[in-house]
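J.: Dumping the structure here so I can ask a few things about it.
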Amino acid sequence: MARAETGTAREPSSFDMHGVEPVPAAERTSSPADQFWIWMGANIAPINWVLGTLGITLGLSLVETVVVIAAGNALGCAAFGLFCVMGHRTGVNMMLLSRAAFGRRGARLPAAIQFLLPMGWIGVNTWIVLDLAVAALGEIGVTGGQGLRYAIAFGLMIAQCLIAVWGFYAIRSFERWTVPVTALIMAVMSVLALTQADVSFAAGEATGEAKVTAITQLLTAIGVGWGISWLVYAADYSRFTTPAASDRRVFWATGLGMYVPTVWLATLGALVASGGGGSDPSDLVLSTFGAMALPVLLLVLHGPIATNILNFYSCGLAALTLGVRVARWKVSLAAGALASVVLVAFIEAGDFAKSFDAWMVSLIVWISPWAAIVGVEYFVVRRGRLDVEELYAERTRARYGDVNWRALGALAAGLLAGWAWQFGLVSTFQGPLARTFANTDLSWLTGAVVAGGLYYALVGRGERRASRASVPAAVAPAAAVAPEPAPDPAAS
């Protein structure tokens, strides 16, 4: 099999021509600091402030809410950091890494889900901020009704689509230069909000069984579940990290990039809510500090762009993992067109959009069992000894097989276990065990334990030893294989 040349790292072309082939070592120029800003940007958003108020709403005290958020995110973001290490070691995107566990064609199932869900999130994330953006513009004298909403919506859609089409290097630059400014604006908003808040350390209303239920729901919404929800994206970006960076640095940079903004904003939301204050930072500042209207507008508009450029990009990679034989940037353009149709439907039917948002949140229950299987395969069964070349071999001779039915069976069992303990916003996704035990939500835990444990048992001790012995190097060399069979993007 042809091998790509490696050498001293050099700055590649600003247009990202990479598909799902391993990124050549010479073109992996992203630093751990870049990774920190990418994930900081994806999570420094008003939604985390809102979710932070959930603990207070459920009856937990301020201290209990903060402890659950901090501890839960420590676990969820640690898992995220480990999955980023997988991409750093191999130079391979997340859905294609699934082939090690699910087989070449078996991995198409999670890839298909990951292709469809981001398009929904793109529409939802853009729609959510429209009212806040219109309100912020109103504070500086710009009005326009429904026409203004459409102008903002499609302005955002075009901007985020173009950045994603340009690829990883544009995403890196956008986050690197805009997130520090956004963080500064959010810091000022935090100070302004706290000066207006009547923080209360009183005991929470929930006791006994109700407190346990509240803790589980908070863990799923903004604790462990938050980091888990991003696992399907992790390696898509860490695969560009320079091979000279250590696994430890990549782990801490990505994990903290997720942890810091999530815990910061969720804690701030809990502080404000504890004294009966508002739950939305933009509304709070707009109503109290008119001079902050323009910075708030910048913050509001930055949020969907910083998040959706990741949705666009990962959606394209998932399509290529499915076997779509077009350039990645063309898939991103197609995703933008479909997401625009979804967005128009949301603007015209707000109630439907809220229901769709709740349904999308419920669907992330599939991620924890999928992640458990992929994690067990890579870190436990193979101890990081992954043969990258074999991920791209034809299915008739691939080391990892065509369809691994054990992995798919474990995934099905994990999905069932997760659903049984899920108390989602959509009644269909409220499992019988969750309802029986006072609406307790342990979906992320049961799904992961059942799927990961079952897959580990099905693989067996003998096969685990053989799998590790069959790969000579502890870390397979990144970018040591020919591209995935597909037209050259440069010629598309």
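The values are calculated or read from the model by the stated rules, or taken from the named source; none is laboratory data. This is a predicted model, so every value here is computed, not measured. All Cβ positions, glycine included, derive from the backbone under ideal geometry; neighbour counts span all protein chains shown. Side chains are part of the model used for accessible areas, which takes the heavy atoms of the whole protein and leaves out ligands, DNA and RNA. Shrake-Rupley method; radii C 1.70, N 1.55, O 1.52, S 1.80 Å.
J.: Tell me the carbon and sulfur percent of the accessible area for the range 97-159, rounded to whole percent, probe radius 1.4 Å. Don't skip to the end; give the middle numbers.
T.: Details: 1490 of 2260 Å².
The C+S portion of the solvent-accessible surface of the range 97-159 is 66 percent.
J.: Ok, one more. Let me make sure I get this right: for the range 168-244, a, b and c are the square roots of the gyration tensor eigenvalues over alpha carbons, sorted descending. Under 1.5 in a/c it's rounded, otherwise prolate if a/b > b/c, else oblate. Which is it?
T.: Numbers: a/c = 4.55, a/b = 1.48, b/c = 3.08.
Oblate is the answer for the range 168-244, as a/c is 1.5 or above yet b/c matches or exceeds a/b.
J.: Rounded, prolate or oblate: pick one for the range 199-284, where a ≥ b ≥ c are the square roots of the eigenvalues of its C-alpha gyration tensor, a/c under 1.5 means rounded, and failing that, prolate if a/b is larger than b/c, else oblate. List each step's numbers first, then the result.
T.: On the way: a/c = 3.00, a/b = 2.03, b/c = 1.48.
Verdict is prolate for the range 199-284.
J.: What is the extension gain from ALA159 to SER200, computed as 0.36 nm multiplied by their sequence separation minus the C-alpha to C-alpha distance, in nm to one decimal? Walk me through the numbers on the way to the answer.
T.: Working: separation 41, 0.36 × 41 = 14.76 nm, distance 4.14 nm.
So the chain would gain 10.6 nm between ALA159 and SER200.
J.: I'd like the accessible area for PHE201, computed on protein heavy atoms only with a 1.4 Å probe and all protein chains in place. Round to 10 Å², please.
T.: Accessible area of PHE201: about 150 Å².
J.: Cα centroids of the range 109-174 and the range 43-93: how far apart, whole angstrom?
T.: 23 Å
J.: Something else: Would you mind checking the radius of gyration and Dmax of the range 42-181 based on alpha-carbon positions, in Å?
T.: Rg and Dmax of the range 42-181, Cα atoms, are 19.4, 57 Å.
J.: For ALA74 and LEU363 in the same chain, what is the full-extension length gain: residue separation times 0.36 nm, less their Cα-Cα distance, in nm? Show your work: numbers first, answer last.
T.: Details: separation 289, 0.36 × 289 = 104.04 nm, distance 2.30 nm.
Extra length from ALA74 to LEU363 when fully extended: 101.7 nm.
J.: Here is a further query. For the range 133-200, report the accessible area per residue in Å² (1.4 Å probe, heavy atoms, rounded to an integer). Mind dumping the intermediate values first?
T.: Numbers: 3000 Å² over 68 residues.
Ligands and nucleic acids excluded, the figure is 44 Å² per residue.
J.: Can you work out the PRE-style zone for ALA151? Point 7 Å along Cα to Cβ, and I want the residues of the range 310-342 with backbone N under 11 Å.
T.: none
J.: Now, a different point. Using amide H atoms built 1.01 Å from N in the peptide plane, name the residues 5+ places from GLN430, or on other chains, whose amide H lies under 5 Å from its own.
T.: Amide H neighbours of GLN430: GLY424.
J.: With a 1.4 Å probe and all protein chains left in place, how much accessible area per residue does the range 397-444 have, in Å²?
T.: On a per-residue basis, 49 Å².
J.: Further, regarding this structure: Please report how far the C-alpha centroid of the range 297-334 lies from that of the range 13-29, rounded to the nearest whole angstrom.
T.: The range 297-334 and the range 13-29 have Cα centres separated by 16 Å.
J.: How large a share of the accessible area of the range 177-238, in percent, is made up of carbon and sulfur atoms when the probe is 1.4 Å and the other protein chains stay in place?
T.: Exposed carbon and sulfur together represent 68 percent of the surface.
J.: Provide, as a two-decimal number, the C-alpha radius of gyration of the range 12-104 over 2.2 N^0.38 Å, N being how many residues it has. If you can, show how the numbers build up before the last one.
T.: Details: Rg = 18.1 Å, N = 93, 2.2 N^0.38 = 12.3 Å.
Normalised Cα radius of gyration, the range 12-104: 1.47.
J.: Can you compute the modelled spin-label distance between ASP402 and THR57, with each label point 7 Å from Cα toward Cβ, in nm?
T.: Going by the 7 Å Cα→Cβ label model, 4.9 nm.
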